[in-house]
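**Student:** Dropping the structure in here first, questions after.
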């Protein structure tokens, strides 16, 4: 009798528990590779396989932008004050006149890049929707940005922040994000022509992004930078954010000790004896 | 004899500049630090693979005719960028022998941007365009 009861329990465990385990495995397939850990061929293939899937234009969730959009290189004319700040970012040079690329760029010592620099200098991000906000998780820097969608307005006199303050709302099938309240220490971008200069901004900086999902794997986006204390016209950049299917955001911290190791072991010796005792920074990503 | 050696060296350098000059990279991210008009190829043995950001780098030993060993350093791009090119932290192990091709440092130090690595058995571990 006792053996019968034990046998019955064993059968019940098998019937009830094992299917649940199987279901869990189906639901949770395990760790996915990060979008940047896929090879270029992997990404192209996955996008091709999913290109015709149905999509909801009002749903921006997912991992986007691994393809990286560069800021429009045609920067608008600068105001005198903006030009003076730009000139002051000029990289240090060796006694022989060799520019030490990016030497005054705070990013090189792992200062936060802030917004909107992270718009272009990012390794992809994930939009995660909550009832009152859209959260943007960025792989580079392992950081996030909150876009409030609860109807609030931008603050009148905010304490400056690296990522500023952001609110968003839908205008038809376009999600529009307004941001302000940025910390003046961040750059909009390094000058990618030769990396000797950086584009600065003032406390009057405002940004607007317009996101419109046009198919399963593509969001059309426009970024408009407005800063009348720095530029005489808005600075507009447009591009396509591509989705990275079958991935999860990876971890890319900017680690000061690793950056220091790179500077001392690679960059400074490569520049040569003239680099001894000079703040050389690093050369970027 | 010594003068002949100097002339031979000068001719070799000149030939390198003329022949390899056409391979100049369109990237200028490290302009000034690396001489993008030149390539140097050498045989060596891997001693360290630094899989770190902001840039990964490989160190290998090269032994010259007199038996002197010099450690060369070749940098590439970030870990995630290199993953996209199919590399990983397991790509290199100390002791691997092969041929290493770099864009050399302008300063003439034993360094460069690493663009190609072929092991002695013919396995190609790196074959890339210069990064930015």
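The values are calculated or read from the model by the stated rules, or taken from the named source; none is laboratory data. For clarity, every value in this text was computed on a predicted model and none was experimentally measured. Glycine also receives a Cβ, built like all others from the backbone with ideal geometry; neighbour counts cover every protein chain displayed.
**Student:** Given the condition more than 27 Å from residue B:87 (Cα to Cα) and assigned to a strand (DSSP E or B), answer yes or no: does some residue in region A:119-127 qualify?
**Tutor:** Keep residues of region A:119-127 that are more than 27 Å from residue B:87 (Cα to Cα), which gives A:127.
Then keep just the ones that are assigned to a strand (DSSP E or B); that gives A:127.
Within region A:119-127, one or more residues are more than 27 Å from residue B:87 (Cα to Cα) and assigned to a strand (DSSP E or B).
**Student:** Could you please let me know if residue A:281 is surrounded by 15 or more Cβ atoms within 10 Å (Cβ to Cβ), at pLDDT below 95 and not in a strand (DSSP E or B)?
**Tutor:** The answer is yes for residue A:281.
**Student:** Checking residue B:24 against (1) exposed (fewer than 15 other Cβ atoms within 10 Å of the Cβ); (2) modelled with pLDDT of 50 or more: exactly one of these is not met. Which one?
**Tutor:** For residue B:24, the exception is condition (2).
**Student:** Could I ask something else about it? Any residue in region A:257-269 that's at the interface with chain B (Cβ under 7 Å from one of its Cβ atoms): show its pairings with residues that are part of a helix (DSSP H, G or I) at Cβ separation under 9 Å, as long as the two are six or more apart or on different chains.
**Tutor:** Short answer, once both residue conditions are applied: A:259/A:108; A:259/A:109; A:269/A:275.
**Student:** Give A:219, A:225, A:249 a once-over and let me know the one that is within 14 Å of chain B (Cβ to nearest Cβ) and crowded, with 20+ Cβ neighbours inside 10 Å.
**Tutor:** Only one candidate qualifies: A:249.
**Student:** Could you tell me which numbered condition residue A:266 fails, if it satisfies all but one of (1) crowded, with 19+ Cβ neighbours inside 10 Å; (2) at pLDDT 95 or above; (3) not in a loop (DSSP other than H, G, I, E, B)?
**Tutor:** (2)
**Student:** Using the structure shown, decide if residue B:88 is more than 18 Å from the chain's Cα centre (by Cα), closer than 22 Å to residue A:250 by Cβ and within 14 Å of chain A (Cβ to nearest Cβ).
**Tutor:** When the stated conditions are applied, residue B:88 passes them.
To keep it simple, each residue is scored yes or no on (1) outside any strand (DSSP E or B); (2) in contact with a strand residue (DSSP E or B) (Cβ under 9 Å, 6 or more places away or on another chain); (3) at pLDDT below 95; (4) over 22 Å from residue B:129 (Cβ atoms).
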position	(1), (2), (3), (4)
B:43	no, yes, no, yes
B:47	no, yes, no, yes
B:53	yes, yes, yes, no
B:60	no, yes, no, no
B:66	yes, no, yes, yes
B:72	no, yes, no, no
B:77	yes, no, yes, no
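**Student:** Right, another one. Give me the residue from region A:26-51 that is loosely packed, with under 10 Cβ neighbours inside 10 Å and more than 14 Å from residue A:247 (Cβ to Cβ) and, out of that set, modelled with the highest pLDDT.
**Tutor:** Residue satisfying both the conditions and the ranking: A:28.
**Student:** Let me ask another. Scan region A:119-142 residue by residue and report those that are surrounded by fewer than 21 Cβ atoms within 10 Å (Cβ to Cβ), within 8 Å of the chain's Cα centre (by Cα) and away from chain B (no Cβ under 14 Å).
**Tutor:** Within region A:119-142, A:137 is the sole residue that qualifies.
**Student:** Still on this model: Select from region B:48-59 the residues that are out of contact with any helix residue (DSSP H, G or I) (no Cβ under 9 Å at 6 or more places or on another chain) and within 11 Å of chain A (Cβ to nearest Cβ) and write down the one among them that is nearest to residue A:267 (Cα to Cα). Talk me through it step by step, then tell me what you get.
**Tutor:** To start, the set of residues in region B:48-59 that are out of contact with any helix residue (DSSP H, G or I) (no Cβ under 9 Å at 6 or more places or on another chain) comprises B:48-49, B:58.
Filter once more, keeping what is within 11 Å of chain A (Cβ to nearest Cβ): B:48, B:58.
On the way: B:48: 17, B:58: 13 Å.
Per the criteria, the residue is B:58.
**Student:** With the checklist (1) closer than 23 Å to residue B:36 by Cα; (2) within 14 Å of another protein chain (Cβ to nearest Cβ) in hand, flag the one item residue B:62 doesn't pass.
**Tutor:** If we test residue B:62 against (1) closer than 23 Å to residue B:36 by Cα; (2) within 14 Å of another protein chain (Cβ to nearest Cβ), just (2) comes out false.
**Student:** To continue, here is another question. Scanning for something away from chain A (no Cβ under 14 Å), modelled with pLDDT of 95 or more, crowded, with 21+ Cβ neighbours inside 10 Å and over 28 Å from residue A:195 (Cβ atoms), does region B:94-105 turn up at least one residue? Show your work before the answer.
**Tutor:** Initial filter on region B:94-105 (away from chain A (no Cβ under 14 Å)): B:94-101.
Next, from what is left, pick out any that are modelled with pLDDT of 95 or more: B:94-101.
Add one more test, that the residue is crowded, with 21+ Cβ neighbours inside 10 Å, and what stays is B:98, B:100.
Then drop every residue that is not over 28 Å from residue A:195 (Cβ atoms), which leaves B:98.
Yes.
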